[in-house]
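Step one of this worksheet: look at the structure below.
What follows draws every value from the coordinates through simple rules; no lab data is involved. Everything quoted here is computed from the prediction, not taken from an experiment. All Cβ positions, even for glycine, are placed from backbone atoms using ideal geometry, and neighbour counts span all protein chains on display.
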Amino acid sequence: MKLMLCSISSFFSYMDIDVKNTEIITSDKKTITLGKYSGKVLLIVNVASYCGNTIQYKDLQVLHDRYSSKGLRILAFPCNDFGNQEPGTLSEIKEFCSTNFNVEFELFDKVHAKGETTEPYTTLNKTEPAGEVEWNFEKFLIGRDSKVIARFKPGINPLDENIITAIEVALDC
C-alpha cells in the first residue's frame, strides 16, 4: 500500500511551487535557502504567542516528537501581522515557546505573511488557494523534493487526520 500511495500523483495536488531556492533568515540572522532541507518533509507554520491558536504549539511539538526521526521538520516563523499577537523579540518568543510548550523544533526570524510579505511567504502565498495567509498558524506541507504539497488553514489542528495522513504519505515517498 505504501508504494501504491506514493505512485498516485493525484493523492497530493502539487501546486508546482518549488521552495528550494527560497531564502529565509534563521533565528541567528543567517540567510539560508529552504534547499538546506531537501530530502526532508517540511511543515512551515506562521506562529504567534498571543493568539487563540497558540495552543497549537503543543501539537506541533507532538508532530516533531513523533516524526522528526523519519524526516519531518517543523519550521516556525513568528509573525506579528495579525492583531499584534507576536510583539516580542525573538529571544522572548523562544523563551515563551520553551517554557510553555517545550518546543524543540526550529524557530526562525520574524516574517510578514500578508501585505509586504517576506520569505518564505512571498513564495508560499502562491499555493492554492492562492492569496495571503488568513491568520496565525496556517500550515504549508512541503515534500522531500522541495515542492509544496498542501496548505492547511489556521483553524485546522496539527493533529487533524488530514494533516497526519498527508505527512505520513509524504514521509513514505
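Annotations for the structure displayed:
- Those residues of the stretch 93-147 which are touching a helix residue (DSSP H, G or I) at 6+ places or on another chain (Cβ under 7 Å) and among the acidic types (D, E), in sequence order: E104, D109
- For F96: the one exception among (1) surrounded by fewer than 20 Cβ atoms within 10 Å (Cβ to Cβ); (2) assigned to a loop (DSSP other than H, G, I, E, B); (3) aromatic (F, W, Y): (2)
- Yes/no for G39 being in a loop (DSSP other than H, G, I, E, B), surrounded by fewer than 18 Cβ atoms within 10 Å (Cβ to Cβ) and either free of Cβ contacts under 8 Å to residues at least 40 places away in the same chain or of a type in the set (V, I, T) (or both): no
- Leading residue by the ranking (surrounded by the most Cβ atoms within 10 Å (Cβ to Cβ)) among those in the stretch 64-93 that are over 27 Å from A170 (Cβ atoms), out of contact with any Gly (no Cβ under 8 Å at 6 or more places or on another chain) and of a type in the set (D, E, K, R): E86
- Considering the stretch 99-133, and only residues there that are over 11 Å from N46 (Cβ atoms), of a type in the set (A, V, I, L, M) and in contact (Cβ under 8 Å) with a residue 24 or more places away in the chain, the residue that is surrounded by the most Cβ atoms within 10 Å (Cβ to Cβ) turns out to be V103.
- Filtering the stretch 106-123 to residues that are within 15 Å of the chain's Cα centre (by Cα) and among the hydroxyl-bearing types (S, T, Y) leaves T118, Y121, T122, T123.
- Per the conditions (1) over 15 Å from the mean Cα position of the chain (by Cα); (2) part of a loop (DSSP other than H, G, I, E, B), the sole criterion not satisfied by E134 is (1).
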